[in-house]
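The values are calculated or read from the model by the stated rules, or taken from the named source; none is laboratory data. Quantities reported herein were computed from a predicted structural model and do not represent experimental measurements. Note that each Cβ is placed from the backbone with ideal geometry, even for glycine, and that neighbours are counted across all protein chains shown.
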Amino acid sequence: MILVIFLWILILFDFSVIGFSVAKIICRISGAKENIGLIKPDEFFFIGFLTLSFFSGILSIFIPVGNIILICVSLFTLFLFLINIREINEIIQKVKKGVTLLSRVELFFLIFLFIFILTAVVQKITLGDTESYHAQSIQWVRKFAVVPGLGNIHGRLAFNSMFFVISGLFAFQIKDILIFPLNGICYMVLAIRLFSLYKKENNQGTRWKAVLYLLTLLISLLIMIPDLNSPSTDIICAILVIYSFIIILNLEKKEGQTSLFQFILLNLVVLSCITFKISSLFLIASLLFLFNKKNLNRIWITFTIGILVFFSFIIRNYYLSGYLIYPFPAIDIFNVDWKIPYDDVLSMKLEIESWAKISTIPASDVIGLRVSQWIIPWFHLLNFNAKLILTVNAFSIISIIIMLLKRDFFLAKIQFILLINLIFWFLRAPDPRFAYGFIFLGFSLNIAFVLKLFENSSGSGLFKYVRISLACFLFLIICRRIMFPVDTLRYPSRWILPASFGTVETREYFSDFHYRVPIPEGGCFNVEIPCVPYQLANIAMRGKNIQDGFKVVKKQVPTQ
């Protein structure tokens, strides 16, 4: 735990100082220097995170993004800190003052939350996708610039999440211990922000909104905590989706008026989330909240940010797979020798969609089914938590109608955006983890809106029962995830270092280049690259070394 705390401090320092510097530049451009004092610490953190993600993506096209780049980034951050030390110290003092204003119960809750998340992060990484290709993808980022045709040796290595790039910058290894700290610290910052918003709204008497924030925190904690120690794109996108709607919900009192900083921050959050996971595509609809007749001229800023954010994403897609977006073969505009064969891309796409619907039968049997044929088997395969959350989300259509009848157009727009994202998710690949952020918010918003209907009525006394219910929910989470702190106490070594990641035995093969295959065939964990889950029969290097990439050639028999 101690090592993870030190890594979190390093990340917090880098992101926050970079974020402060970016915010300072934005405020000067807008001619509103005094507004920097109104920016929240979490906003510094996230704009720093996303700015560094952008520059890491650009660098990854040309050079490996590993320890050398991290040292350079940290030294540059230290330089920024020293030249801004007076102003940063003022912000630190404000944070300290805010902590002193917390009650003992609130302070205890935050300390508990920190320890609870920390004990989960130091457990063994068990996410199957990390064992299968996350760790391998990040290893390629750390050791090579983008490799043309990398997806030819393993299709999943062409899943070009830009989160893998920034994870490569902040991945740490000590022998068989592999640490991916980003999801953990990002969620910690989000959790503190959600709790502070709960406290603020509760003090102001807006209890339905307080419930919305706290319930979102609790349901996300219950579901996501086992995978916070992984570089899962599902987790970071859930964090960014929730954070984007936090920004949007705070626009209600401002009647859509935003500072230039908030405008840029929301654009970065939304557009970066899409490059982290393309299934978040319709989150872009949330940017409509930023525009009205008074600030329509800012659309060029969104356009510019979009070009910058998507530039490295598209370039990396081009090199890794030969496609604009992978695995979507319908957008087929390039003709390069490293291009993944069309049939392989289509097969990967259909495999993802069919597995998300019914994972227990072959993809070929699922893909032709109508919605009415797969929806019941799909629902039966979900666990209890997923069934409950999605059932509550199903009432979104009713709630949006009531919102319109009540002329609560702001919430109706939020509910509509959540709904179109959930419809897109449901029709394409309805695995709950692909839409965590949307289903958590949909669940919380439906319940909170019901409470809002009673907030100013004679039934407002039910809020005392809501507090009891939320306390019981927290107790349920503790009971459900109690093994995290228990395991940490049982293994004193985890007080210092996280659990080992695990490994797998491999056998070496040669097919124009040396590569490894696990025994039995399957996930490569963090085995030295190149490692693929199966033997290759028709793949060759494009040049004299791995950096030149891979291409498909006529079939040849591999030799052992």
Answer yes or no as to whether SER220 is buried (at least 22 other Cβ atoms within 10 Å of the Cβ), farther than 22 Å from PHE449 by Cα and touching a helix residue (DSSP H, G or I) at 6+ places or on another chain (Cβ under 7 Å).
-> no
Taking segment 26-63 and the residues there that are outside any helix (DSSP H, G or I) and touching a residue at least 12 places away in the same chain (Cβ under 8 Å), the one that is farthest from the chain's Cα centre (by Cα) would be ALA32
(Q) Checking the structure you have, find out if any residue of segment 74-82 is more than 28 Å from the chain's Cα centre (by Cα) and under 27 Å from ILE166 (Cα atoms). (A) yes
- Determine if segment 36-57 includes at least one residue that is more than 26 Å from ILE315 (Cα to Cα) and touching an Asp or Glu at 6+ places or on another chain (Cβ under 8 Å). yes
(message) Residue under question is ILE397, and the condition is that it be β-branched (Val, Ile, Thr), farther than 21 Å from SER232 by Cβ, free of Cβ contacts under 8 Å to residues at least 60 places away in the same chain and surrounded by fewer than 17 Cβ atoms within 10 Å (Cβ to Cβ); does it hold?
(response) yes
| query | Do we find that ILE439 is in contact with a Pro (Cβ under 8 Å, 6 or more places away or on another chain) and over 30 Å from SER500 (Cα atoms) in this structure? | reply | yes
Of THR488, THR506, the only residue that is surrounded by 15 or more Cβ atoms within 10 Å (Cβ to Cβ) and either out of contact with any Lys or Arg (no Cβ under 9 Å at 6 or more places or on another chain) or touching a residue at least 40 places away in the same chain (Cβ under 8 Å) (or both) is THR488
Within segment 275-307, residues being within 22 Å of ALA435 (Cα to Cα) and either touching a Pro at 6+ places or on another chain (Cβ under 7 Å) or without any contact (Cβ under 8 Å) to a residue 24 or more places away in the chain (or both) number 2
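Yes/no matrix, rows are residues, columns are (1) touching a helix residue (DSSP H, G or I) at 6+ places or on another chain (Cβ under 7 Å); (2) not in a helix (DSSP H, G or I):
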{"site": "LEU287", "(1), (2)": "yes, no"}
{"site": "PHE303", "(1), (2)": "no, no"}
{"site": "PHE313", "(1), (2)": "yes, no"}
{"site": "LEU324", "(1), (2)": "yes, yes"}
{"site": "LYS349", "(1), (2)": "no, no"}
{"site": "ILE361", "(1), (2)": "no, yes"}
{"site": "GLN373", "(1), (2)": "no, no"}
{"site": "ILE389", "(1), (2)": "yes, no"}
{"site": "VAL392", "(1), (2)": "yes, no"}
Within segment 119-147, restricting to residues that are surrounded by fewer than 23 Cβ atoms within 10 Å (Cβ to Cβ) and aliphatic (A, V, I, L, M), the one that is farthest from the chain's Cα centre (by Cα) is ALA145
Only one of ARG407, ARG433 is outside any helix (DSSP H, G or I) and of a type in the set (Lys, Arg), namely ARG407
Scanning segment 351-375 for residues that are surrounded by fewer than 16 Cβ atoms within 10 Å (Cβ to Cβ) and either on the phi > 0 side of the Ramachandran plot or aliphatic (A, V, I, L, M) (or both) gives ILE361, ILE367, VAL371, ILE375
Note: among LEU296, LEU308, just one is within 30 Å of GLY57 (Cα to Cα) and modelled with pLDDT under 90, namely LEU296
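Yes or no, residue by residue, for (1) small (Gly, Ala, Ser); (2) within 18 Å of the chain's Cα centre (by Cα):
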site	(1), (2)
ILE166	no, yes
GLN173	no, no
GLY205	yes, no
LEU212	no, no
LEU217	no, yes
Counting only residues that are without any contact (Cβ under 8 Å) to a residue 40 or more places away in the chain, assigned to a helix (DSSP H, G or I) and not hydrophobic (A, V, I, L, M, F, W, C), segment 99-132 contains a total of 2
